[in-house]
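The values are calculated or read from the model by the stated rules, or taken from the named source; none is laboratory data. Values in this document were obtained by computation on a predicted structure and should not be read as measured data. With ideal geometry, Cβ positions are generated from the backbone for all residues, glycine too; neighbour counts draw on all protein chains shown.
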Amino acid sequence: MTITPQPGILDIALYQGGAASVEGVADVVKLSSNENPFGPSPRASDAFRQSAGELHVYPSTQHERLREAIGEVHGVDPERVICGVGSDEIISFLCYAYAGPGDEVLHTEHGFGMYKISALAAGATPVSVKENERVTDVDALLAGVTERTKLVFIANPNNPTGTMIPEAEVARLADGLPAGCLLVLDGAYAEYVDGFDAGLSVMEGRKNVFMTRTFSKIYGLGGLRIGWGYGPQAIVDTLNRIRGPFNLSGPALKAAHAAVRDTGYTERCRRENAKWREWLAAQLAKVGVPSDPSECNFILARFGSEDEARACDAALKAKGLIVRMVGGYNLPECLRITIGSEQACRRVAAVIAEFKGQG
């Protein structure tokens with residue numbers, strides 16, 4: 001008898017992370033993984049270093065201090081917060097708990113790859129729904145719902161497009177779903193949108209909406225893998241039943257606690273990102289490389305063809321600038337470019353201008 005994995009597992013393509021090096025090039029800038037160029041808050045770094053003497057101690061199983069800090073900063077009930085190893089783990093928990101063989105999980109055609117991966121891992125069927133010019137289409141999602149649909153994932157704003165839909169559209173989607181179907185709002189990039197509550201106003205008063213968030217982006221803690229989710233108490237209690245008791249390390253919990261409370265640092269990162277995002281988008285538009293208005297810490301640069309995008313990617317790599325080809329997100333003619341430091345943005349603009357013959 002052959003040892004075989006569960007159905008769906010072998011349909012998962014191995015994840016390819018953003019490249020971090022270029023052979024033969026020394027001065028490399030990584031702009032392929034949407035990392036914060038400023039790194040974490042100094043307070044978070046200090047908290048991490050100070051925890052070095054406690055590595056022999058098991059971490060908190062309930063994450064009380066971090067959940068309380070999240071509650072105070074984001075205005076949510078800490079009892080309804082669950083913490084995970086990045087928002088990826090929360091997404092997986094949702095699929096394991098609420099989808100399985102015979103069920104469907106909806107996501108948009110250019111949505112985050114973990115929706116499909118987690119659905120397949122749970123034995124469910126992922127269903128891709130068309131977007132409208134790289135923007136989430138609520139009507140298309142509602143039309144894609146069947147009696148088998150258990151979860152609907154949307155990232156708002158979305159990765160890798162950077163686009164977002166207004167609160168009224170999110171509410172319309174939530175209200176249009178059938179009973180027993182959960183809407184999941186992926187807010188990985190929510191902190192980059194000034195004044196945005198990531199859908200909290202839509203969640204209040206509804207029992208079919210859940211939110212995921214991360215410390216990997218604006219908080220600069222991608223290397224520690226910390227995320228959180230928020231939603232109805234019954235759903236949080238369900239997810240905690242399958243969460244490992246020590247899923248987050250002590251150093252990670254302390255760094256995240258310091259990071260979320262350092263709101264001044266977060267605001268500085270938001271302002272700098274917006275400044276250089278708009279500058280870079282404008283510079284590329286001048287040389288014939290458009291992008292949709294982005295609300296994230298990246299822009300999605302569009303080229304005339306996949307061949308042109310690949311050629312530009314090669315030109316950037318030759319100068320030590322690593323961006324992300326996004327053919328895996330059904331956007332082969334595009335490059336996703338993380339907003340780096342001022343110097344990095346200026347280098348990217350110069351190389352692409354030269355590539356387009358306007359350097």
Please report, ordered by residue number, the helices (runs of 4 or more DSSP H) entirely within segment 1-98 with at least 2 residues that are of a type in the set (S, T, Y) and within 30 Å of V326 (Cα to Cα).
86-98
Among (1) more than 23 Å from A301 (Cβ to Cβ); (2) in contact with a helix residue (DSSP H, G or I) (Cβ under 9 Å, 6 or more places away or on another chain); (3) crowded, with 18+ Cβ neighbours inside 10 Å, there is one condition T149 misses while meeting the rest; what is its number?
(2)
I'd like the residue in segment 178-235 that is among the hydrophobic types (A, V, I, L, M, F, W, C) and under 22 Å from R271 (Cα atoms) and, out of all such residues, is nearest to the chain's Cα centre (by Cα).
A188
For segment 244-269, what are the residues that are hydrophobic (A, V, I, L, M, F, W, C), assigned to a helix (DSSP H, G or I) and under 20 Å from the mean Cα position of the chain (by Cα)?
A252, L253, A255, A256, A259, V260, C269
Quick check: anything in segment 135-144 in a loop (DSSP other than H, G, I, E, B), in the same structural domain as G84 (by TED's automatic domain parsing), surrounded by 17 or more Cβ atoms within 10 Å (Cβ to Cβ) and under 14 Å from the mean Cα position of the chain (by Cα)?
no
Take segment 296-315 and flag every residue that is surrounded by fewer than 22 Cβ atoms within 10 Å (Cβ to Cβ) and closer than 25 Å to A274 by Cβ.
R302, C312
Only one of A285, A252 is of a type outside the set (D, E, K, R) and within 20 Å of E72 (Cα to Cα); which?
A252
Look at E169 and say whether it is surrounded by fewer than 20 Cβ atoms within 10 Å (Cβ to Cβ), charged (D, E, K, R), touching a helix residue (DSSP H, G or I) at 6+ places or on another chain (Cβ under 6 Å) and under 30 Å from R324 (Cβ atoms).
yes
Kindly provide the set of residues from segment 316-329 that are within 21 Å of V129 (Cβ to Cβ) and surrounded by 15 or more Cβ atoms within 10 Å (Cβ to Cβ), ordered by number.
V326, Y329
Among G71, G102, G111, which is the only one that is more than 22 Å from V260 (Cβ to Cβ) and surrounded by fewer than 20 Cβ atoms within 10 Å (Cβ to Cβ)?
G102
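For segment 26-55, which positions are under 18 Å from K319 (Cβ atoms), surrounded by 14 or more Cβ atoms within 10 Å (Cβ to Cβ) and not basic (K, R)?
Once the filter is applied, which keeps residues that are under 18 Å from K319 (Cβ atoms), surrounded by 14 or more Cβ atoms within 10 Å (Cβ to Cβ) and not basic (K, R), segment 26-55 yields V28, V29, L31, S32, P37.
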Considering E89, E79, E64, which residue is at pLDDT 95 or above and closer than 30 Å to Q6 by Cβ?
E89
Of the conditions (1) surrounded by fewer than 19 Cβ atoms within 10 Å (Cβ to Cβ); (2) part of a strand (DSSP E or B); (3) not acidic (D, E), Q343 clears all except one; give me its number.
(2)
Of all residues in segment 16-58 being among the acidic types (D, E) and farther than 18 Å from C296 by Cβ, the one that is modelled with the lowest pLDDT
E23
Tell me, which residue of segment 15-43 that is within 23 Å of N159 (Cβ to Cβ) and among the aliphatic types (A, V, I, L, M) is farthest from the chain's Cα centre (by Cα)?
V28
